[in-house]
C-alpha cells in the first residue's frame, strides 16, 4: 500500500521491515510473539481455583465425568464411526492415493553470476535495495513452487 507515488518508508526502519517482510517469516514472528504473550500472561495471573476448572479438560475430569461420558454413547455410535473410517480408507486404497498427489515443479535457478549482476543492477537503479535486510525480507528472490494439474484421471 502506498500513500502516494513518491512516498517510501526509510530503508531499514521498523515500518519498512514490516512492509517488506515475507509472509512466512511474519508467521514465524507472530507465533513467537503469541507464545511469549501466553507465557507472560500465565505467570502474571493467579492460579485458578480447582472448583472453577473442575471437569473443564481431560486432566481435570473426575471419575463421575468419565462415567457420564461413557454412558452417553452406544455401540451403534462406534459402528457408525468404524463405517466412516472404512469408507475413507477404502477410497484411499482404491485410488492408491493418486487423487491426492500434486506434482510440484520448481523454476530452474539462474546461474549465481546472473543473480549477483541482477542485484547490483537493481540496487543501482534504486528500485530494489540490495542491503542485507532487503535480501532477507524480500520474498521475490525465492523461486515459488507451481502446482501443475494431473495429466490423466482414472
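Quick notes on this structure:
- Cα gyration tensor shape of the stretch 1-95, rounded if a/c is under 1.5, else prolate or oblate by comparing a/b with b/c: oblate
- Inter-probe distance in nm under a simple model that places probes 7 Å from Cα toward Cβ, at residue 5 and residue 83: 6.7
- Packing-based ranking, highest mean first, of 9-20, 78-89 given that Cβ atoms within 10 Å are counted: 9-20, 78-89
- Computed FRET value (nearest 0.05) for residue 93 with residue 73, which takes r as the C-beta separation and R₀ as 22 Å: 0.20
Computed from the coordinates by the stated procedures, all read-outs in this text should not be read as laboratory data. Fair warning: this is a prediction, and the values are worked out from it, not measured in the lab. Heads up, the Cβs are rebuilt from the backbone with ideal geometry, glycines too, and the neighbour counts pull from every protein chain shown.
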